[in-house]
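Colleague: Pasting a structure here, questions to come.
The values are calculated or read from the model by the stated rules, or taken from the named source; none is laboratory data. This one's a predicted model, so the numbers in the text were calculated from it and none came from an experiment. Glycine gets a Cβ as well: all are built from the backbone with ideal geometry, and neighbour counts include every protein chain shown.
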Amino acid sequence: MAAILFILNALLTLVVVAFLLRALMPLVRADFRNPLGQAVLQFTDPLVRPLRRVLGPVGRVDIASIAAVLLVQFAGTALLRLVAGAGFSIAVTLVTALKMLAQTVLSLYSVAILAYVVLSWIAPGTHSPATRLLDALCEPLLRPFRRIIPPIAGLDLAPVFVLICLQALQIPLR
């Protein structure tokens, strides 16, 4: 049973990450025209397009994508609870879903920051679709830290402090 729950949770997380990227990419002005952006659009369109007919954007905030993330997370959490034999309670499932979504957002950014740093070491100046997406996602988090923490001998320590803060934010969610 634990293996089935693990697999379901992993698949749910991947789906939620796709919908999160759909919601985050317009906020950080990431390019949807690259292959990664196109993959996110193709995967999420079946749910986001119908929602967009009812929920229009507010500025750069895509309300339909946010609603889709919340719906997918709630449905996935309900499925996980039912498979685990925990039963179904709307209130408990909603709280659990929001907690899991917060954990996923923090984990997504932690992985993105790590990938951003590694790519800057092994392939500096590369302009691949992944690099551009990581740059768009990570720079808004790194920029405030870079204003406070100067580079030491050319080494940018801002990602270290961002990762520490992201990990600290995850502690109350455990």
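Residue by residue, here is whether (1) assigned to a helix (DSSP H, G or I); (2) among the charged types (D, E, K, R) holds:
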position: VAL40; (1), (2): yes, no
position: ARG52; (1), (2): yes, yes
position: VAL72; (1), (2): yes, no
position: PHE88; (1), (2): no, no
position: ILE113; (1), (2): yes, no
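Colleague: Are any of the residues in the range 77-92 surrounded by 20 or more Cβ atoms within 10 Å (Cβ to Cβ), closer than 16 Å to PHE19 by Cα and within 17 Å of the chain's Cα centre (by Cα)?
Modeller: Keep residues of the range 77-92 that are surrounded by 20 or more Cβ atoms within 10 Å (Cβ to Cβ), which gives 77.
Subset that is closer than 16 Å to PHE19 by Cα: 77.
From the residues that got through so far, the ones that are within 17 Å of the chain's Cα centre (by Cα) too are 77.
The answer is yes, given that some residue of the range 77-92 is surrounded by 20 or more Cβ atoms within 10 Å (Cβ to Cβ), closer than 16 Å to PHE19 by Cα and within 17 Å of the chain's Cα centre (by Cα).
Colleague: Tell me, yes or no, whether the range 27-38 has at least one residue that is in a helix (DSSP H, G or I) and over 16 Å from the mean Cα position of the chain (by Cα). Reasoning before the result, please.
Modeller: Pass one, the range 27-38, residues in a helix (DSSP H, G or I): 27, 35-38.
Keeping just the survivors that are over 16 Å from the mean Cα position of the chain (by Cα) gives 35, 38.
The answer is yes; a qualifying residue exists.
Colleague: Say whether the condition of being part of a helix (DSSP H, G or I) and within 16 Å of ASP156 (Cα to Cα) is met by at least one residue in the range 125-135.
Modeller: Among the residues of the range 125-135, at least one is part of a helix (DSSP H, G or I) and within 16 Å of ASP156 (Cα to Cα), which makes the answer yes.
Colleague: Here's something else I'd like to know. Could you say whether any residue in the range 125-135 is among the acidic types (Asp, Glu), surrounded by 12 or more Cβ atoms within 10 Å (Cβ to Cβ) and within 21 Å of ALA39 (Cβ to Cβ)?
Modeller: yes
Colleague: Still on this model: Using the structure shown, decide if PRO172 is modelled with pLDDT of 85 or more, over 15 Å from the mean Cα position of the chain (by Cα), closer than 28 Å to THR77 by Cα and of a type outside the set (A, V, I, L, M, F, W, C).
Modeller: yes
Colleague: Please list, ordered by first then second residue, the pairs with beta carbon atoms under 7 Å, 6 or more apart or interchain, first in the range 127-154 and on the phi < 0 side of the Ramachandran plot and at pLDDT 90 or above, second assigned to a helix (DSSP H, G or I) and loosely packed, with under 12 Cβ neighbours inside 10 Å.
Modeller: Once the first residue is on the phi < 0 side of the Ramachandran plot and at pLDDT 90 or above and sits in the range 127-154, no partner that is assigned to a helix (DSSP H, G or I) and loosely packed, with under 12 Cβ neighbours inside 10 Å comes close enough.
Colleague: Oh, and also: Scan the range 31-38 and tell me whether some residue there is exposed (fewer than 12 other Cβ atoms within 10 Å of the Cβ) and over 30 Å from VAL83 (Cβ atoms). Can you show your working first?
Modeller: Keep residues of the range 31-38 that are exposed (fewer than 12 other Cβ atoms within 10 Å of the Cβ), which gives 33, 35.
Subset that is over 30 Å from VAL83 (Cβ atoms): 33, 35.
The answer is yes, given that some residue of the range 31-38 is exposed (fewer than 12 other Cβ atoms within 10 Å of the Cβ) and over 30 Å from VAL83 (Cβ atoms).
Colleague: Looking at ARG22, is it in a helix (DSSP H, G or I), without any contact (Cβ under 8 Å) to a residue 40 or more places away in the chain and out of contact with any Gly (no Cβ under 6 Å at 6 or more places or on another chain)?
Modeller: On the way: in a helix (DSSP H, G or I): yes; without any contact (Cβ under 8 Å) to a residue 40 or more places away in the chain: no; out of contact with any Gly (no Cβ under 6 Å at 6 or more places or on another chain): yes.
For ARG22, the condition - in a helix (DSSP H, G or I), without any contact (Cβ under 8 Å) to a residue 40 or more places away in the chain and out of contact with any Gly (no Cβ under 6 Å at 6 or more places or on another chain) - is not met.
Colleague: Ok, one more. Between a residue in the range 31-56 that is touching a residue at least 60 places away in the same chain (Cβ under 8 Å) and any residue that is buried (at least 16 other Cβ atoms within 10 Å of the Cβ) and not in a helix (DSSP H, G or I), which pairs come within a Cβ distance under 9 Å, given they are 6 or more apart or on different chains?
Modeller: LEU36/ALA30; GLY37/ALA30
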